[in-house]
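Asker: Take this structure first; my questions come after.
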Amino acid sequence: MGRKRKKGSLGMQWFTTGVSTTLVLVLLGLVSFFILFARELSDSVKENLTVTVLVSDEADAGEIARLRTEWTGEPYVCGIGYVSKEQALREAAEAMGSDPSEFLGANPFRASLELRMDAAYANTDSLARVVERLKRCPLVEDVVYQKDLVDAVNENLRNISYVLLALAALLVLVSFALIAGTVRLGVYSGRFVIRTMKLAGASWGFIRRPFMARGFRLGLVSGVAADGLLAAGAYALSCHDPSLAAYIKPGMLAGVSAVVLVAGLLLTLGCTYFCVGKYLRMKACDLY
């Protein structure tokens, strides 16, 4: 009867440890998810930054088509749009409420190519080199982009990245401390078993083996459970706001799941190893 009660108590203790570990891994996974989500979102914001290339009036439709084909293959270009002189005039007339060509006597606008930049090139230094290269083309009249907006976007995204990375580092330390505390409670219940095995002449590796196996199972089950909760949360988020589904990619979810699972295994195995080592080095009088 006493043995059954002891086993039930030990099982409940490890169940509580597993729940605590799972919750900690969920928090760690949330931070990892938001770091990757912020990167996807920042890339999307950067790729919406456009560089306007004003084309010379001497360029015909064939030359403009050739420019579009040539620039589409460049690594710094994510997409190209074309705005004709007539379309630019119509858009200006709608915005101003009057037609500028009526009092100017001619269409004052030029045809332009709208280059959406690749996220890796959407920064001040890269854009300056790209603009210099574009201006060398004899068909290009001028190249315009909002430098202040580019600087502001990159500065804000950089600050957000620093905050998320600092939060992730802090959470890793907190996770290790919390999981170490919960695992230590589980190992504590077996301290007399450790002492008995030492007296029987068992090696430290042999004594550690069952505890490490239990720690592995704890990390594996907790990691899988945390991954399931995170996947359910991501699905609920995409259903609640379908516009966010474009930023929640399968590769990102796979990366977060791998991080959570590996972190769960490493943390539980590492904590178990050090906790068992503590009781292996402890004297008999300190066990009580």
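Values quoted throughout were computed directly from the atomic coordinates according to the rules given, and no laboratory measurement underlies them. Everything numeric here is computed off the predicted structure, so don't read it as measured data. As a convention, Cβ positions derive from the backbone with ideal geometry for all residues, glycine included, and neighbour counts pool all protein chains shown.
Asker: With axes computed from alpha carbons, what is the tilt in degrees of helix 2-47 against the longest principal axis of the chain, rounded to the nearest 10 within 0 to 90?
Answerer: Between helix and principal axis, roughly 10 degrees.
Asker: Using Cβ counts within 10 Å as a stand-in for footprinting exposure, how do 136, 66, 110 rank, fewest first?
Answerer: Fewest-to-most ranking of 136, 66, 110: 136, 66, 110.
Asker: Placing unit charges on C-beta atoms (Lys and Arg positive, Asp and Glu negative, everything else neutral), compute the dipole magnitude of the chain about its Cα centre in debye, rounded to 20.
Answerer: Charge dipole, the chain, about its Cα centre: 4280 debye, nearest 20.
Asker: Among 123, 76, 183, which residue has its Cα positioned farthest towards the positive end of the charge dipole of the chain, with +1 placed on the Cβ of Lys and Arg, -1 on the Cβ of Asp and Glu, and the dipole taken about the Cα centre?
Answerer: 183
Asker: Could you please rank 199, 244, placing first whichever residue has the fewest other Cβ atoms within 10 Å of its Cβ?
Answerer: 199, 244
Asker: May I pose another question? Remind me, relative contact order of region 210-264 in percent, using alpha carbon pairs under 8 angstrom and six or more residues apart?
Answerer: It comes to 54 percent, rounded to a whole number.
Asker: Quick check on the chain: helices-only [θ] at 222 nm, where DSSP H runs of length 4 and up contribute -39,500 (n - 2.57) each and the sum goes over total residues. Nearest 500, please.
Answerer: Only helices count here, giving -25000 deg cm²/dmol.
Asker: Sort 117, 96 by Cβ crowding within 10 Å, fewest neighbours at the top.
Answerer: 96, 117
Asker: For the chain, calculate the relative contact order in percent as a whole number, restricting contacts to Cα pairs under 8 Å that are 6 or more residues apart.
Answerer: 29 percent
Asker: Name the residue farthest towards the positive end of the dipole of the chain from the options 88, 139, 218, assuming +1 on Cβ of Lys and Arg, -1 on Cβ of Asp and Glu, about the Cα centre.
Answerer: Working it through, the farthest residue towards the positive pole turns out to be 218.
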